[in-house]
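Asker: There's a structure below that I have some questions on.
The values are calculated or read from the model by the stated rules, or taken from the named source; none is laboratory data. All values reported here derive from a predicted model rather than from experimental measurement. Because the Cβ atoms are built from the backbone with ideal geometry, glycine has one as well, and the counts that use them run over all protein chains shown. We work out accessible area using only protein heavy atoms, side chains counted, and drop any ligands, DNA or RNA first. Shrake-Rupley method; radii C 1.70, N 1.55, O 1.52, S 1.80 Å.
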Amino acid sequence: MWRVSALFSEDSRKSQPVLSVVAVLLDDYSELGELPPRSPLEPVCEDGPAGPVPEERKRTSRELRELWQKAILQQILLLRMEKENQKLQASESDLLNKRLKLDYEEITPCLKEVTTVWEKMLSTPGRSKIKFDMEKMHSAVGQGVPRHHRGEIWKFLAEQHHLKHQFPSKQQPKDTPYKELLKRLTSQQHAILIDLGRTFPTHPYFSAQLGAGQLSLYNILKAYSLLDQEVGYCQGLSFVAGILLLHMGEEEAFHMLKFLMFEMGLRKQYRPDMIILQIQMYQLSRLLHDYHRDLYNHLEEHEIGPSLYAAPWFLTVFASQFPLGFVARVFDMIFLQGSEVIFKVALSLLGSHKPLILQHENLETIVDFIKNTLPNLGLVQMEKTISQVFEMDISKQLQAYEVEYHVLQEELIDSSPLSDNQRMDKLEKTNSSLRKQNLDLLEQLQVANSRIQSLEATVEKLLSSESKLKQATLALELERAALLQVVGELRRQTATELSGPEPDLTRPGPTGD
């Protein structure tokens, strides 16, 4: 026993696993009974206090070696079990976080057949380089998006957008790695920290102060504020980032935020001057005027402009007031169609609830209804709103209203009695706004040109396919004509054979005896 313990007497003071090995060995020796400690140099006394002690059989070196190997194997097994337990705990933690993240009620339940369609598209080999049929994707999004696949589907729709618009925007930021951005400091830190507790305060994933949800959200917003110095951080962005974070990992959510801001047109409404947000409010007012005149007149009568109720809808993409299931469906459509979806949803919400809004007769009750009652009117109304959005097309009206807004602004500047300095200031601001608008239009033109080039390439492919199909059709027609000719000849031959000399039935045949 002393020989075995002496082999690792020094390590036993330093390593807990080795102590476990010693414990195993000592357990194996427990059958020998308790022996008093003695020096290894002390001779063994044959007589005990009660007389001679019967001599125990000494274990052979082979038996000791087997015991040693058994102890090592048991320790290795324990270490492996400990690692597996750690993996299991991490996996359970991930599953718990996923359940916490997706703790919301769906607006459009996704049928099993639709889920199968999505899974087939997501599992397509090399899908990031394959252009899928737009009508098929539009139909699939309209029928529903499975909650547990939603983050992956958003990434898939972003991939499809990049394939269809292969020329990147001029306003694209530097491609700085996410982890590199996290190492830097941001001047927006205080504003971000204040808004963390205000972002989905009742959702279990974000409710814990500086918990996993708030820390990940802080990292995303900090990284974006460093990436986009012009926008930095703006109130409302935390809700957009939070919705993304509920459906995917932290770094993936950051890249999708960047995609929505720069590729899908959300960035312009967060610029410090907020001019685009003012234009959006005017556009929504004009949409109400054209589509729901009686509701527009009712709101105007009580001096209620869209900025009193709709600004949070645009800045948070409805996430600050509406149920998460509804907001997730809005994001489904934004990834498919762009930021124009926000106008469609706002117009559909106001129009479908017009009779209820018209019942209120003063500013306070109307605004309170739109802000607080409207977002909680039930799943059926929400689903009806989403289905209406898929049938709307207002892109031309939005462009016309934007031009109209700038014309009106110019007329106001020209007609107002201002001093030269004031007029110069306004002209400079207008000039700056027009420059930004010009940049936006150039960007849209570039995107349109890329679409034209893509469509022209598609047309060339279709024309080539058409030519090949015509040649194949001609060859098949010639083959058909030849086959018909052969069939005709065979029919004639058959008819000739059948119309040969008939046997004379009146003539007696041979008879037997």
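Asker: Scan Gly142, Gly197 and give me the residue that is under 26 Å from Phe239 (Cβ atoms) and free of Cβ contacts under 8 Å to residues at least 24 places away in the same chain. Step through it out loud before you land on a result.
Answerer: On the way: Gly142 fails: free of Cβ contacts under 8 Å to residues at least 24 places away in the same chain.
That would be Gly197, the only listed residue that is under 26 Å from Phe239 (Cβ atoms) and free of Cβ contacts under 8 Å to residues at least 24 places away in the same chain.
Asker: Looking at segment 276-326, which of the residues that are among the charged types (D, E, K, R) and in a helix (DSSP H, G or I) is nearest to the chain's Cα centre (by Cα)? Can you show your working first?
Answerer: Within segment 276-326, the subset among the charged types (D, E, K, R) is 286, 290, 293-294, 300-301, 303.
Then keep just the ones that are in a helix (DSSP H, G or I); that gives 286, 290, 293-294, 300-301.
Numbers: Arg286: 32, Asp290: 34, Arg293: 37, Asp294: 39, Glu300: 39, Glu301: 42 Å.
Looking at the filtered set, the residue picked out is Arg286.
Asker: Another one. Please specify each residue of segment 139-156 satisfying the condition of being open to solvent by 10 Å² or more (accessible area, probe 1.4 Å) and among the small types (Gly, Ala, Ser). Spell out the reasoning first.
Answerer: Here is the first cut: in segment 139-156, the ones open to solvent by 10 Å² or more (accessible area, probe 1.4 Å) are 139, 142-143, 147-149, 152, 155.
Within segment 139-156, Ser139, Gly142 meet the criteria.
Asker: Restricting segment 109-128 to residues that are of a type in the set (S, T, N, Q) and assigned to a helix (DSSP H, G or I), which is nearest to Ile243 (Cα to Cα)? Break it down stepwise before answering.
Answerer: Here is the first cut: in segment 109-128, the residues of a type in the set (S, T, N, Q) are 115-116, 123-124, 128.
In the following step, the residues that additionally are assigned to a helix (DSSP H, G or I) were identified as 115-116, 128.
Values: Thr115: 21, Thr116: 24, Ser128: 23 Å.
Ranking the qualifying residues of segment 109-128, first place goes to Thr115.
Asker: Restricting to segment 196-219, name every residue that is polar (S, T, N, Q), open to solvent by less than 20 Å² (accessible area, probe 1.4 Å) and more than 18 Å from Asp94 (Cα to Cα).
Answerer: Matches in segment 196-219: Thr199 only.
Asker: Looking at (1) touching a Leu at 6+ places or on another chain (Cβ under 8 Å); (2) in a helix (DSSP H, G or I), which is the only condition Ser348 fails?
Answerer: In the conditions (1) touching a Leu at 6+ places or on another chain (Cβ under 8 Å); (2) in a helix (DSSP H, G or I), Ser348 misses (1) alone.
Asker: Testing Gln171 on (1) at pLDDT 90 or above; (2) part of a loop (DSSP other than H, G, I, E, B), one condition comes back false. Which one is that?
Answerer: Exception for Gln171: condition (1).
Asker: Separate question: Are any residues in segment 95-128 open to solvent by 100 Å² or more (accessible area, probe 1.4 Å) and either within 17 Å of Pro204 (Cα to Cα) or at pLDDT below 90 (or both), and if so, which ones? Steps first, answer last, please.
Answerer: Just the residues of segment 95-128 that are open to solvent by 100 Å² or more (accessible area, probe 1.4 Å), to begin with: 98-99, 105, 111-113, 120, 125.
Within segment 95-128, Lys98, Arg99, Glu105, Leu111 qualify.
Asker: Among the numbered conditions (1) open to solvent by less than 50 Å² (accessible area, probe 1.4 Å); (2) under 15 Å from the mean Cα position of the chain (by Cα), tell me where His255 comes up short.
Answerer: (1)
Asker: Of all residues in segment 339-359, which are open to solvent by less than 60 Å² (accessible area, probe 1.4 Å) and over 17 Å from Ala310 (Cβ atoms)? Don't jump to the end; show me each part of the working.
Answerer: We begin by selecting, within segment 339-359, every residue open to solvent by less than 60 Å² (accessible area, probe 1.4 Å); these are 339-354, 357-358.
Correct list: Leu358 only.
Asker: Mind listing whichever residues of segment 259-268 are open to solvent by less than 30 Å² (accessible area, probe 1.4 Å) and touching a residue at least 60 places away in the same chain (Cβ under 8 Å)? Don't jump to the end; show me each part of the working.
Answerer: Taking segment 259-268 as the starting set, the residues that turn out to be open to solvent by less than 30 Å² (accessible area, probe 1.4 Å) are 259-262, 264-267.
Within segment 259-268, Phe259, Leu260, Phe262, Met264, Gly265, Leu266, Arg267 meet the criteria.
Asker: Another one. Residues that are closer than 15 Å to Ile107 by Cα, touching a Phe, Trp or Tyr at 6+ places or on another chain (Cβ under 9 Å), in contact (Cβ under 8 Å) with a residue 24 or more places away in the chain and not polar (S, T, N, Q): does segment 352-363 have at least one?
Answerer: Kept after step one, since they are closer than 15 Å to Ile107 by Cα, are these residues of segment 352-363: none.
Within segment 352-363 (the criterion being closer than 15 Å to Ile107 by Cα, touching a Phe, Trp or Tyr at 6+ places or on another chain (Cβ under 9 Å), in contact (Cβ under 8 Å) with a residue 24 or more places away in the chain and not polar (S, T, N, Q)), the answer is no, since none of the residues qualifies.
Asker: Is one or more of the residues making up segment 444-452 closer than 22 Å to His302 by Cβ and either assigned to a helix (DSSP H, G or I) or open to solvent by 60 Å² or more (accessible area, probe 1.4 Å) (or both)? Please lay out each step first, then the result.
Answerer: Step one: filter segment 444-452 for residues closer than 22 Å to His302 by Cβ, giving none.
No: segment 444-452 contains no residue that is closer than 22 Å to His302 by Cβ and either assigned to a helix (DSSP H, G or I) or open to solvent by 60 Å² or more (accessible area, probe 1.4 Å) (or both).
Asker: Would you tally the residues in segment 129-138 being open to solvent by less than 40 Å² (accessible area, probe 1.4 Å) and either polar (S, T, N, Q) or part of a helix (DSSP H, G or I) (or both)?
Answerer: Count: 1.
Asker: So which residues in segment 175-195 are assigned to a loop (DSSP other than H, G, I, E, B) and exposed (fewer than 14 other Cβ atoms within 10 Å of the Cβ)? Write out each step before concluding.
Answerer: The first filter runs over segment 175-195 and keeps only residues assigned to a loop (DSSP other than H, G, I, E, B), leaving 175-177, 183-188.
Once the filter is applied, which keeps residues that are assigned to a loop (DSSP other than H, G, I, E, B) and exposed (fewer than 14 other Cβ atoms within 10 Å of the Cβ), segment 175-195 yields Asp175, Thr176, Pro177, Lys183, Arg184, Leu185, Ser187.
Asker: Which residue out of Ala472, Ala495 is exposed (fewer than 10 other Cβ atoms within 10 Å of the Cβ), of a type outside the set (Asp, Glu) and at pLDDT 75 or above?
Answerer: Numbers: Ala472 fails: exposed (fewer than 10 other Cβ atoms within 10 Å of the Cβ).
None of the others qualify; the one that does is Ala495.
Asker: Of the residues that make up segment 383-394, is at least one more than 18 Å from Ser339 (Cα to Cα), touching a residue at least 40 places away in the same chain (Cβ under 8 Å) and open to solvent by 60 Å² or more (accessible area, probe 1.4 Å)?
Answerer: The first filter runs over segment 383-394 and keeps only residues more than 18 Å from Ser339 (Cα to Cα), leaving 383-384.
Okay, now just the ones that are also touching a residue at least 40 places away in the same chain (Cβ under 8 Å), so 383.
After this cut, where a residue has to be open to solvent by 60 Å² or more (accessible area, probe 1.4 Å) as well, the list is 383.
Yes, because at least one residue in segment 383-394 is more than 18 Å from Ser339 (Cα to Cα), touching a residue at least 40 places away in the same chain (Cβ under 8 Å) and open to solvent by 60 Å² or more (accessible area, probe 1.4 Å).
Asker: Also, I was wondering about something else. Within segment 285-307, is even one residue open to solvent by less than 10 Å² (accessible area, probe 1.4 Å), on the phi > 0 side of the Ramachandran plot and not small (Gly, Ala, Ser)?
Answerer: Within segment 285-307 (the criterion being open to solvent by less than 10 Å² (accessible area, probe 1.4 Å), on the phi > 0 side of the Ramachandran plot and not small (Gly, Ala, Ser)), the answer is no, since none of the residues qualifies.
Asker: Next up: Out of all the residues in segment 271-329, which are acidic (Asp, Glu) and free of Cβ contacts under 8 Å to residues at least 60 places away in the same chain? Walk me through it before giving the result.
Answerer: Just the residues of segment 271-329 that are acidic (Asp, Glu), to begin with: 273, 290, 294, 300-301, 303.
Across segment 271-329, the qualifying residues are Glu300, Glu301.
Asker: Answer yes if at least one residue in segment 222-235 is closer than 15 Å to Phe335 by Cβ and surrounded by 22 or more Cβ atoms within 10 Å (Cβ to Cβ), and no otherwise.
Answerer: Within segment 222-235, the subset closer than 15 Å to Phe335 by Cβ is none.
Checked against the condition, which is being closer than 15 Å to Phe335 by Cβ and surrounded by 22 or more Cβ atoms within 10 Å (Cβ to Cβ), segment 222-235 yields no hits at all.
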